[in-house]
Amino acid sequence: MPSPPPAPASALSLRGLHKRFGATVAVAGIDLEIPTHSFYGVVGPNGAGKTTTLSMATGLLEPDAGGVLVHGVDLWREPAAAKPMLGVLPDGLHTFDRLTGAELISYAGLLRGMDRDVVRERRDDLLAALDLRQAGSTLVTDFSAGMTKKIALACALVHAPRVLVLDEPFEAVDPVSAGAIRRILQSFVASGGTVVLSSHVMALVERLCDHVAVVGGGRVLAAGAIDEVRAGQDLEDRFVGLVGDVADSRDLAWLRQS
Amino acid sequence: MVATVLTLKYRVVRHQLMREWWRALLLVGGAVWSLSLIPAAFWMQRMLSLEVADVRSQILVGAAAVCILGWIVVPLLVTGLEDTLDPGRFAIFGVSARSIMPGLTIAAALTVPALFFIAVFMILAGSWRYDGSGVVALAVVGSLLTVALMALGARVAVAWSTRALRSRRTRAIALVTVVASLGAVAPAGFIVLRAGIESAASYELPVVLEWLGRTPVGAGMVAPEALASGDAWGAAWRVAMMVAAVWILHRAWQDNVAYTLVHPLHRGGGAQRRSDAVLAGAARRTLWGPLGSDSATRAVRARALLYWATDPRYLVGSVGVVALPLVFFGLVVPMLDLDPRWAFGAPVILAASIGWGRHNDVAYDSSALWMDVVAGRIGRQVMAARTQAVLVWALPAVGLAALAILAWSRLWEVAPGLIGACVGALGATLGISAVTSVVLPYRAPGPGENPFGAEVGSVGASLVAQLISGAAMFAILPLVTAPFVLALAVDARWGWVALVTGVVLGVAACVAGVRVAGSWYDRRSGRLLAGVS
């Protein structure tokens with residue numbers, strides 16, 4: 001049966017995504033419609049399949065089944081047309097760490113076919129906006145985890161994509177830089193862009209996102225406008241209600257100091 | 001702590017083998033192959049026991065010297081050293097080097113290669129059985145100490161090399177030392193073997209072996225002979241020297257373990273670069289004409305060139321390819337007493353080993369493969385740029401080698417044919433490697449990982465890719481080298497044919513390989529990341 005056409009306002013459509021690694025089913029059929037001009041949070045417990053889903057949604061991992069549409073363009077059939085619309089910040093992947101921060105941003109821009117003068121200008125803007133000017137001449141291998149995150153975010157932004165897919169963008173980032181990133185992303189969404197981010201921090205998702213999907217066991221447990229998903233509860237309580245609390249919350253009496 | 005470390009090792013290996021079952025097959029295959037060599041060791045023991053004592057000890061010294069050299073050189077240049085118990089992984093547990101060393105030492109002795117060498121040298125110690133039980137006991141001690149020297153020597157060599165590659169200054173010193181020692185192989189080989197292998201075996205070799213018998217390399221093998229001939233003092237000081245050497249190497253290893261625990265490997269040494277080398281490199285387009293005018297190609301080429309200049313893994317790889325042609329020129333040609341024209345094979349071998357050495361290039365350079373993948377369908381540009389970055393240093397290197405051989409032989413009339421054969425070999429092997437690196441990638445040490453590191457069974461894991469790329473290379477090399485062979489053997493005018501066929505076929509194979517690899521790269525982009533990590 002042919003899949004239904006994407007909703008016209010969808011920036012990213014995930015259709016029946018499946019992925020299995022050996023005996024482990026990482027994603028067991030995920031469908032999501034992410035509206036254009038939305039700030040979309042994807043939350044879920046560890047091992048829920050968030051990173052696998054976002055990898056399939058950005059062309060980094062081939063799905064066993066299912067499809068991805070970026071503004072109506074099939075990512076896996078027409079990658080040359082779909083990928084330029086995406087800006088991607090993966091979690092847990094290396095960067096070319098023998099380059100300096102400035103060189104890494106230039107590299108990302110040139111890979112996207114941008115003109116060198118434009119790359120130079122945007123590189124300097126991004127280094128300033130993300131408070132990375134000092135890091136511009138330092139090798140990425142000498143960066144802290146937070147700095148690496150920020151430079152990878154700069155690489156995702158340099159070609160001014162229409163959709164940003166960010167896996168844990170605030171992890172290990174200091175509060176001042178986190179504030180700067182929040183402002184950049186909010187202004188991006190306000191100007192018509194779409195941000196999809198995954199996070200474990202419910203307060204952050206509540207504060208930033210207007211839509212949220214709760215993922216657990218490789219499936220979508222709830223998705224929609226954040227108020228609909230919360231259903232009158234705190235997002236964290238709703239999240240725990242959906243995915244379940246720790247089964248065995250035993251008391252570590254031996255850890256007590258007195 | 002010994003039991004904890006050993007249990008840890010075997011649990012990690014077990015889990016690794018359960019996750020990737022084919023590694024277990026390769027490990028078992030390696031063990032069976034080792035066992036199949038044991039009868040040969042018994043045959044050698046029998047042959048040795050029939051020799052007179054001093055000849056027997058000299059042969060054993062030679063065997064020990066070759067094995068020690070192999071234990072040090074092979075992990076550094078070819079396979080890497082199994083790193084299940086990489087000391088850096090203990091850093092988070094707050095343990096001291098002294099507390100984990102006994103466990104690490106026993107674990108190092110309980111590997112397949114170490115057990116195999118212990119078995120072989122113990123069997124060879126049996127060749128002293130007609131000289132009394134005391135001599136056999138001493139031969140057993142000498143054998144164990146010699147194998148300990150091998151295993152510890154490999155650990156220390158890898159640890160020191162890793163440390164040397166960490167900073168720019170020590171890296172330069174290390175590179176100069178390695179190149180100088182490799183460079184010394186050729187003239188040393190020629191000096192020792194200048195009058196033929198029989199003369200060398202009769203005159204130079206016994207002197208060298210006698211001297212090695214006074215060093216830790218061969219002392220363990222000579223000590224039984226000393227005791228058998230009534231020189232108890234000669235046996236005693238040799239064993240004492242071996243014990244001291246093993247103790248010193250063990251201390252050096254412990255020192256390196258202690259250093260590793262508090263010096264994580266991934267730091268870049270605080271290097272700074274004010275200029276943007278990627279943007280500057282991308283501005284240089286004239287050299288490549290229409291092939292390199294694309295923005296993505298220029299970016300990848302600029303980055304790849306930076307990696308060739310700064311990444312220890314690449315430096316190790318580039319030194320490794322020089323070894324084979326040097327051994328061919330310095331040892332194989334004189335040892336087999338081949339016609340000097342065979343020496344023209346050395347630059348061709350250099351070209352082929354540089355090209356074939358890139359057969360896993362995508363995995364080696366995969367640290368941010370995701371950036372290339374998310375940027376769109378740029379497989380052709382990526383593969384072309386990687387190949388161009390290799391050509392930047394490979395063409396001058398092969399050219400220099402060819403020039404050196406021509407100057408040495410003074411057969412300048414074969415220059416056109418040699419150039420054709422070298423360009424053909426380089427182009428054809430780079431083309432094959434471009435395809436296999438996309439179609440058959442296997443896991444390589446990541447950036448920041450030990451460039452000499454290897455997982456259990458990884459040698460075999462790479463075997464399929466190496467065999468296929470090697471077979472393709474051997475199938476195509478005759479096409480580009482045959483006219484050159486005719487130029488050497490039949491008529492020098494064939495050299496011009498070799499020049500044309502070599503350049504045309506080499507360039508064609510390289511371009512075709514890159515194009516095929518590029519389209520496979522795009523087609524497989526969603527699987528490549530999983531294949532290399």
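The values are calculated or read from the model by the stated rules, or taken from the named source; none is laboratory data. Keep in mind the model is a prediction, meaning the values are calculated, not measured. Every residue, glycine among them, receives a Cβ derived from its backbone with ideal geometry; neighbour counts consider all protein chains shown. Side chains are part of the model used for accessible areas, which takes the heavy atoms of the whole protein and leaves out ligands, DNA and RNA. Shrake-Rupley method; radii C 1.70, N 1.55, O 1.52, S 1.80 Å.
A few notes on this one:
- Test for B:Ser409: is it within 14 Å of chain A (Cβ to nearest Cβ) and at pLDDT below 90: no
- No other residue among A:Val173, A:Val189, A:Val220 is touching a Gly at 6+ places or on another chain (Cβ under 6 Å) and in contact (Cβ under 8 Å) with a residue 24 or more places away in the chain apart from A:Val173.
Residues checked against (1) modelled with pLDDT under 75; (2) assigned to a helix (DSSP H, G or I); (3) under 18 Å from B:Pro396 (Cβ atoms):
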| site | (1), (2), (3) |
| --- | --- |
| B:Leu279 | no, yes, no |
| B:Ala282 | no, yes, no |
| B:Pro290 | yes, yes, no |
| B:Thr297 | no, yes, no |
| B:Arg301 | no, yes, yes |
| B:Trp308 | no, yes, yes |
| B:Tyr314 | no, yes, yes |
| B:Val321 | no, yes, yes |
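- Considering residues of the stretch A:130-140 that are closer than 19 Å to B:Ser275 by Cβ, not in a helix (DSSP H, G or I) and not β-branched (Val, Ile, Thr) only, the residue nearest to the other protein chains (Cβ to nearest Cβ): A:Leu139
Rundown of residues vs (1) assigned to a loop (DSSP other than H, G, I, E, B); (2) more than 9 Å from chain A (Cβ to nearest Cβ); (3) open to solvent by less than 10 Å² (accessible area, probe 1.4 Å); (4) at pLDDT 85 or above, yes/no style:
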| residue | (1), (2), (3), (4) |
| --- | --- |
| B:Asp372 | no, no, yes, yes |
| B:Gln381 | no, no, no, yes |
| B:Ala385 | no, yes, yes, yes |
| B:Ala389 | no, yes, yes, yes |
| B:Leu400 | no, yes, no, yes |
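- Strands (runs of 3 or more DSSP E) wholly inside the stretch A:141-258 containing at least 1 residues that are over 17 Å from the mean Cα position of the chain (by Cα): A:219-225
- Matching residues in the stretch A:111-129 - criterion: being more than 11 Å from chain B (Cβ to nearest Cβ) and basic (Lys, Arg): A:Arg122
- Listed by first and then second residue, the pairs with beta-carbon distance under 7 Å, at least 6 apart or on different chains, first residue in the stretch A:235-251 and within 21 Å of A:Val42 (Cβ to Cβ), second at pLDDT 85 or above and part of a helix (DSSP H, G or I), are A:Leu235/A:Met202; A:Leu235/A:Val205; A:Leu235/A:Glu206; A:Glu236/A:Met202; A:Arg238/A:Val229; A:Arg238/A:Arg230; A:Phe239/A:Met202.
- Matching residues, the stretch A:78-101, being over 18 Å from the mean Cα position of the chain (by Cα), open to solvent by less than 10 Å² (accessible area, probe 1.4 Å) and within 7 Å of another protein chain (Cβ to nearest Cβ): A:Phe96, A:Leu99, A:Thr100
- For the residues B:Val414, B:Val439, B:Val423, B:Val435, the requirement of being modelled with pLDDT under 90, in the same structural domain as B:Gln466 (by TED's automatic domain parsing) and under 18 Å from B:Cys510 (Cα atoms) singles out B:Val439.
- Taking the criterion of being at the interface with chain A (Cβ under 7 Å from one of its Cβ atoms) and among the hydrophobic types (A, V, I, L, M, F, W, C), the residues of the stretch B:359-370 that qualify are B:Ala368, B:Trp370.
- Taken over the stretch B:493-533, the criterion of being within 14 Å of chain A (Cβ to nearest Cβ) and not hydrophobic (A, V, I, L, M, F, W, C) is satisfied by B:Gly518, B:Ser519, B:Tyr521, B:Asp522, B:Arg523, B:Arg524, B:Ser525, B:Gly526, B:Arg527, B:Gly531, B:Ser533.
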